[in-house]
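Before any comments, here is the structure.
The values are calculated or read from the model by the stated rules, or taken from the named source; none is laboratory data. Predicted model, so just to flag it, every value in this text is computed and none were measured. Don't worry about glycine lacking a Cβ; one is built from the backbone with ideal geometry, like all the others, and counts go over all protein chains shown. Protein only, heavy atoms only, side chains kept; ligands, DNA and RNA dropped before computing areas. Shrake-Rupley method; radii C 1.70, N 1.55, O 1.52, S 1.80 Å.
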Amino acid sequence: MPSHPPKTFYLETFGCQMNVHDSEKVIGTLVSEGYRQVQTVEEAGLVLYNTCSIRDKAEQKVFNRLSDYKKYQKQGKKFAVLGCVAQQEGARIFERAPYVSMVCGSASYRNLPEMLVQIEAGNQRVTGLDDRETDKCFETEFTSRTNPHRGYITIIEGCDKFCSYCVVPFTRGKERSRTSDSVLAEARQMADLGYTEIQLLGQNVNSFKDPAGKHTFAELLAAVGQIEGIKRVRFTTSHPRDFGRDIVEAIDSVPTLCDHVHLPVQSGSNRVLDAMQRLYTREQYLERIAWMKAASREISITTDIIVGFPGETESDFQQTLSLLEQVEFDAVFGFKYSPRPNTPSLKLEDALPDEEKARRLAVVLEKQRDIQRRRYQRHLGQILEVMVEGRNDRHQQWTGRTTQNKVINFTGPEVSPGSYVPVVTTAAFPNSLAGQMVI
Ligand code: SAH
Ligand code: SF4
Ligand code: F3S
């Protein structure tokens, strides 16, 4: 008898929403193969890490985790590395962490059942690694969604943009879209199961190109929003280059499409945008912002910023700050530039010391905090529709999200997660709102 009951697994996920959803596909596949998910490494026979490689810190986390758990190898546990670090490092992972017996990139999850058989047969080095050029379908037969009300659907995988700092085109492969028919079929199935919120996913979700030529991205959005039972549709992440006015028109005309667009800008300086190979200028970005601000609905706009890209001068940095002032985002995810394997910008000198990158990041975040403190105030007194997420016992309050994806904590009678309730906003903070349910 093995020292652990057979066929139990523990899975930890790092990285973006695409990885979170991929993990749901991996869990669905493992469960269909007779595995049972457990909540601790101790209980598991198979330990899987679904990894992220976007910045060096993210990658280091995986190797730290693996060395933390080295001791378990003696107990017969098997380790597997999935996701972006798996695809990037490939078989080198076996050298760095010899107790790992499976390395599998995101394009190969359909092959997991065969790979599991090999692991069970005692094979020490099982790989599922497809190169960038793969045309492989990224859907698995089974998906085990964790939230019963709100669920993800991947509509496009990979990236062909090759921004000069980014690993994603290498870890996720070339851009490939599903047909709009298959997306709509999955969305309808979810609506039948009681889901009311759907989030469409892609590294560049709005670069979606229906292989059957039936729908544009904006049309697909509208079609998902018109499915009976669906109350909210979100989509992430949009790339400015492919962000058409028709997306804003769809939001304006289909009430279920949420009032929120995440549109990463990265920098406010044209010189830096060019060096990043972002394929748009500050002016073109601002034009897209103007379309959104002219909409009849109030669309909340959020973004990503990289500070300290090679060659970013103080004046370039000031242009990023002025862009923040000009747009007034509702949230900013800021990152220090991190040189990554395979990427073109690796050849550029990463000249700024970490302290200077950290200073610039702190300035961005502080400025943005002021902007948000100001912006969140405008919700005071408004009655917002809130999807209830759960109870915050510490504060004796309910918590949920508005259509703009803002967190709101509120008081009121018993409500069930997944329901939609009206809440009047009574207080505003830089990152959340507070209110009272309207009864
Ligand atoms: N496809 C999306 C972004 C996906 S990656 C887009 O193009 O907008 C998520 C974010 O991570 C990026 O927007 C960027 O801000 C950040 N990022 C990516 N590579 C990075 C790197 N090498 N160093 C620091 N931040 C990085
Ligand atoms: Fe990375 Fe650029 Fe592709 Fe976004 S568009 S995933 S930042 S290469
Ligand atoms: Fe990370 Fe891969 Fe997502 S690198 S951000 S998990 S696409």
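A few remarks follow.
- To put it simply, the accessible area of region 8-128 at a 1.4 Å probe is 46 percent carbon and sulfur.
- Candidates per GluC sites (Glu not before Pro) in region 367-439, loop by DSSP, up to 14 other Cβ within 10 Å: GLU414
- Translational diffusion of the chain was estimated from the Stokes-Einstein equation, with Rh taken as the Kirkwood radius over Cα pairs; at 25 °C and 0.890 mPa s the coefficient is 105 µm²/s.
- Over all other residues within a Cβ to Cβ distance under 10 Å of LYS25, the charged ones net out to -2, with Lys and Arg as +1 and Asp and Glu as -1.
- Mean accessible surface per residue for region 64-126, computed with a 1.4 Å probe while every protein chain stays in place, in Å²: 44 Å²
- Measuring r between the beta carbons of GLU219 and GLU366 and using R0 = 41 Å, the FRET efficiency lands at 0.50.
- Only helical runs count toward this figure. For the chain, summing -39,500 (n - 2.57) over DSSP H runs of n ≥ 4 and dividing by all residues gives -9500 deg cm²/dmol at 222 nm.
- Counting only residues at least eight positions apart within a chain, or on another chain, the aspartates and glutamates with an alpha carbon under 20 Å from that of LYS74 are GLU42, GLU43, GLU95, GLU120.
- Given charges at beta-carbon only (K, R positive; D, E negative), |dipole| of the chain in Debye: 740 debye
- Normalising the average separation of contacting C-alpha pairs (under 8 angstrom, six or more residues apart) by the number of residues puts the relative contact order of region 147-258 at 28 percent.
- Cβ-based net charge around ILE251, under 9 Å, with every Lys or Arg adding one and every Asp or Glu removing one: -2
- For region 8-128, the fraction of C-alpha pairs more than 27 angstrom apart is 6%.
- One quarter of the convex hull surface built on the alpha carbon atoms of region 380-437 amounts to 3.5 nm², the projected area averaged over directions.
- Net lengthening on full extension, GLN436/ARG36 (0.36 nm per residue, minus Cα-Cα): 139.9 nm
- Here is the list for region 259-351: GluC sites (Glu not before Pro) lying in DSSP coil, each with at most 10 other C-beta atoms within 10 angstrom of its C-beta, are GLU349.
- Between amide H atoms placed 1.01 Å from N, distances below 5 Å from ASP259 occur with GLN404, all of them 5 or more places distant or on a separate chain.
- Region 162-269: GluC sites (Glu not before Pro) falling in loop per DSSP and having at most 12 other Cβ within 10 Å: GLU228
- Rounded to 0.05, the FRET efficiency of the LYS136 and GLU385 pair, given R0 = 51 Å and the Cβ-Cβ distance, is 0.80.
- Put simply, the amide H of PHE235, placed in the peptide plane, has neighbours under 5 Å in LEU200, leaving out anything fewer than 5 places away on its chain.
- Rg/Rh for region 262-363 stands at 0.99; both radii use Cα atoms, and Rh follows the Kirkwood definition.
- The relative contact order of the chain, computed from alpha carbon pairs under 8 Å that lie at least 6 residues apart in sequence, is 10 percent.
- Paramagnetic reach from LEU279 (point 7 Å along Cα→Cβ, amide N under 12 Å) across region 201-237: 204-209
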